[in-house]
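**Student:** Handing you a structure now.
The values are calculated or read from the model by the stated rules, or taken from the named source; none is laboratory data. Computed from a predicted structure; not experimentally measured. Quick reminder, even Gly has a Cβ in these numbers, built from the backbone with ideal geometry, and neighbours come from all protein chains shown.
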Amino acid sequence: MTKSSKRPPAGLPDKDTLLAYLRETGSAEKTDIARHFGLKGGDRRALREMIRELEAEGRLGKRGRKGFSEAGALPPVGVADVIERDGDGELYVRLVEASPDAPRALLMPDKGKPGPAPGLGDRLLVKFFRSDDQWEARLIKKLDAGTNRVLGVIRKSARETRVEPVDRRSKDVLLVPQAQSGDLRDGDLVLAAIEKGEHRYGPKRGKILEHIGKEDDPRAASLIAIHAHGVPTGFSEAVEREAEDQALPTLKGREDLREIPFITIDPADARDHDDAVFAQRDEDPKNPGGWIVWVAIADVAAYVRPGTALDREAREKGNSTYFPDRVEPMLPEVLSNGLCSLKEGENRACMAVRMVFDKDGRKTGHRFVRGLMRSHAKLSYEQAQAAIDGPEKGDGPDDVTGPIMQAILYPLWNAYHTMLKGRLKRSPLQIESAERRIRMTPDGGIASIEKRTSLEAHRLIEEMMIQANVCAAETLEQKKTPLIY
C-alpha cells in the first residue's frame, strides 16, 4: 500500500474535509489548519504529508509565503481588474497578477456604491464568493478609476501601431501588440487598457478592449463623451428579457381613468411621452370659479420591480443620458418608448393626481390614484400654442387641435391662468435661462445651434408638474417618509 493511500490517523481530517475548510476560509497556513482541527505531534506530520499530496494532485495551491488554498479558489477579498464584457453586457474580473488560467469572477452590480459604474480596464477592490458553479465578485471600492484606460485614435505606420489619447492632457500613448493590430485601421477610435509591468523607455504597451468607430465620424463626439465619462451603454440579456416579458396593463388594482380626456404636450421630436394633463371647472358650489386639474405620469414602478434585473441596471445607469444625435436610455426601448410612454389611443398604467384649486389659484386639496388611462391627443408645444393663439397670431388650430379646443385646450389654459394667481402670491424663485437646440445634418454633423422659443405652453406644463410634485411632497410628509424636495 502506498503512502498516499494510507488511512489518515484519528483526528486528522480527510482531504475533502480539509479542502472544504480552506474553501470556507479562503486560505490558511499549516499552523492555522492544525489549530483548527486540534492536531498535535504525529497528526501534524501527517497533515504536512497530506498537504504535499494535495499539491501534487493539483488540488491545493499556494497563497502568499506560507498559506494554502484550494486550487482555483479566490480569496475572500482581493484587488482585481475588469478584464471582459460578455455579449449580455456582464463584466468579469480577475485577480491582479493572477495566471491567465486563474478563474474569473462575475462582477455583481452594487446599487449602494456612489459614482460611475466600473468599466473595462478598471481596478477594483472586491469581495469574492462562490455561487452555484461560478465565482462572483462584489465591489468594495474602485481603485485608480479610469487611470489605466485610454480612449484614443489608432495611428499606424510601417513599423508600429499606436493609440493616441483623445484627451490632450493625457500622456499615455500606447503601443499595440502586433497580434492585435491586424484588423485596425488608421483613424479608428478604440478603448485600450495599459498593460501591467514596467515601462522604463518608450511608450507603454496597450491592449485593445473595444473598437468604437472612426475619428472622422461626426457622431464620434458623442461616443467619446460616452466612454470618457463611463456612461453605461446597452442592456444585459436578463434586462431585455424582463422588459419583453411585461404584460399589457389591466384594470386590476387600478381606477379607470380612460374617459378623462388626457392629452400629452411635448417637444415636436419627442419619442416618448412621460406625462399627460387635463383640466375642468369644479362643479362644487363650495368652490365657485375653482378648477380641477389632473396630472398623470407613466407608472414605471408597475414594470420595474424592486430586486429585478431591470431595477438593478436602472439604478446603475441612474438616468437616461441625452446627446445631440443619440440617447443612452435608462430602460430598454420596449418600456421607455412602449409601455411607459403615454401613447395616444392606447391603454397605459399611470400614477395620477387630482388637484383642486380655488378661484385665486390656491390648492385646496388633492388625491393620488393608480389608474388606467388613454391619451386622447398627442400635441407638440408649438401646435398647442398655435391653437390657443388663433389664426390672428399664426397658424391657429389644425385638424388635431381644432376638435378639442372647447373641451380640452381652453379649459387647460383657463385653469393655468387661475393657477398663476397663486404662483404670483407665493413669489417663488424664478430663473429664466435661454435653452438651445442643436440641429443635426443627416450624416451627424451640426447644421445649426438655435435658441428655443419659450412658449406659454411650456410654462403651463411646468406649473402643473410643479404642483403635482408639491402634492407628492405633502403626501410623503403626511406619511412621515424622508424625502428630498
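**Student:** Residue by residue through region 168-180, note down the ones that are surrounded by 13 or more Cβ atoms within 10 Å (Cβ to Cβ) and closer than 21 Å to Ala220 by Cα.
**Tutor:** Ser170, Asp172, Val173, Leu174 - these are the residues of region 168-180 that are surrounded by 13 or more Cβ atoms within 10 Å (Cβ to Cβ) and closer than 21 Å to Ala220 by Cα.
**Student:** Against the definition (closer than 25 Å to Gly361 by Cβ and modelled with pLDDT of 80 or more), how does Ala472 come out, yes or no? Don't jump to the end; show me each part of the working.
**Tutor:** Working: closer than 25 Å to Gly361 by Cβ: yes; modelled with pLDDT of 80 or more: yes.
Judged against the criteria, Ala472 is a match.
Residues are listed down the side, and each one gets a yes or a no for (1) under 22 Å from Ala384 (Cβ atoms); (2) in contact with a Gly (Cβ under 7 Å, 6 or more places away or on another chain); (3) not basic (Lys, Arg):
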residue	(1), (2), (3)
Thr250	no, no, yes
Arg254	no, yes, no
Phe262	yes, no, yes
Pro267	yes, no, yes
Asp274	yes, no, yes
Ala279	yes, no, yes
Gly289	no, no, yes
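**Student:** Could you count how many residues in region 206-246 are of a type in the set (Ser, Thr, Tyr) and within 15 Å of the chain's Cα centre (by Cα)?
**Tutor:** Qualifying residue count, region 206-246: 2.
For every residue, the table says whether it meets (1) closer than 30 Å to Arg326 by Cα; (2) more than 29 Å from the chain's Cα centre (by Cα); (3) in a loop (DSSP other than H, G, I, E, B).
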| residue | (1), (2), (3) |
| --- | --- |
| Leu429 | no, yes, yes |
| Ala447 | yes, yes, no |
| Arg459 | yes, yes, no |
| Glu462 | yes, no, no |
| Ile466 | yes, no, no |
| Cys471 | no, no, no |
| Leu476 | no, no, no |
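**Student:** Pairs only if they're at least six apart or on different chains, beta carbon under 7 angstrom, first in region 464-485 and farther than 17 Å from Asp358 by Cα, second at pLDDT 90 or above; list them, first residue then second.
**Tutor:** Qualifying pairs under 7 Å: Met465/Asp275; Met465/Val295; Thr475/Phe368; Leu483/Ala473; Leu483/Leu476; Tyr485/Ala473.
**Student:** Continuing with the same structure: Spot the failing condition for Arg23; the list is (1) charged (D, E, K, R); (2) in contact with a Pro (Cβ under 6 Å, 6 or more places away or on another chain); (3) modelled with pLDDT under 80, and only one is missed.
**Tutor:** Against the list (1) charged (D, E, K, R); (2) in contact with a Pro (Cβ under 6 Å, 6 or more places away or on another chain); (3) modelled with pLDDT under 80, Arg23 comes up short only on (2).
**Student:** Name the residues in region 284-327 that are among the polar types (S, T, N, Q), touching a residue at least 60 places away in the same chain (Cβ under 8 Å) and touching a helix residue (DSSP H, G or I) at 6+ places or on another chain (Cβ under 9 Å), would you?
**Tutor:** Of everything in region 284-327, those that are among the polar types (S, T, N, Q), touching a residue at least 60 places away in the same chain (Cβ under 8 Å) and touching a helix residue (DSSP H, G or I) at 6+ places or on another chain (Cβ under 9 Å) turn out to be Thr308, Thr321.
**Student:** Given (1) surrounded by fewer than 18 Cβ atoms within 10 Å (Cβ to Cβ); (2) within 21 Å of Val369 (Cα to Cα); (3) at pLDDT 95 or above; (4) not charged (D, E, K, R), identify the lone condition not met by Ala247.
**Tutor:** Going through (1) surrounded by fewer than 18 Cβ atoms within 10 Å (Cβ to Cβ); (2) within 21 Å of Val369 (Cα to Cα); (3) at pLDDT 95 or above; (4) not charged (D, E, K, R) one by one, Ala247 breaks only (3).
**Student:** Identify the residue in region 341-390 that is assigned to a loop (DSSP other than H, G, I, E, B) and without any contact (Cβ under 8 Å) to a residue 40 or more places away in the chain and, among all such residues, is surrounded by the fewest Cβ atoms within 10 Å (Cβ to Cβ).
**Tutor:** Here the answer is Gly345.
**Student:** Assess whether Gly307 counts as being assigned by TED's automatic domain parsing to the domain that holds Ala377 and under 30 Å from Ala415 (Cα atoms).
**Tutor:** No, not satisfied.
**Student:** Could you identify the single residue in Ile449, Ile438 that is outside the structural domain of Ser222 (by TED's automatic domain parsing), touching a Pro at 6+ places or on another chain (Cβ under 6 Å), more than 18 Å from Phe357 (Cα to Cα) and at pLDDT 80 or above?
**Tutor:** Of Ile449, Ile438, the one residue that is outside the structural domain of Ser222 (by TED's automatic domain parsing), touching a Pro at 6+ places or on another chain (Cβ under 6 Å), more than 18 Å from Phe357 (Cα to Cα) and at pLDDT 80 or above is Ile438.
**Student:** Considering only residues that are among the aliphatic types (A, V, I, L, M) and farther than 15 Å from Glu463 by Cβ, which ones fall in region 351-367?
**Tutor:** The answer is Met351, Ala352, Val356.
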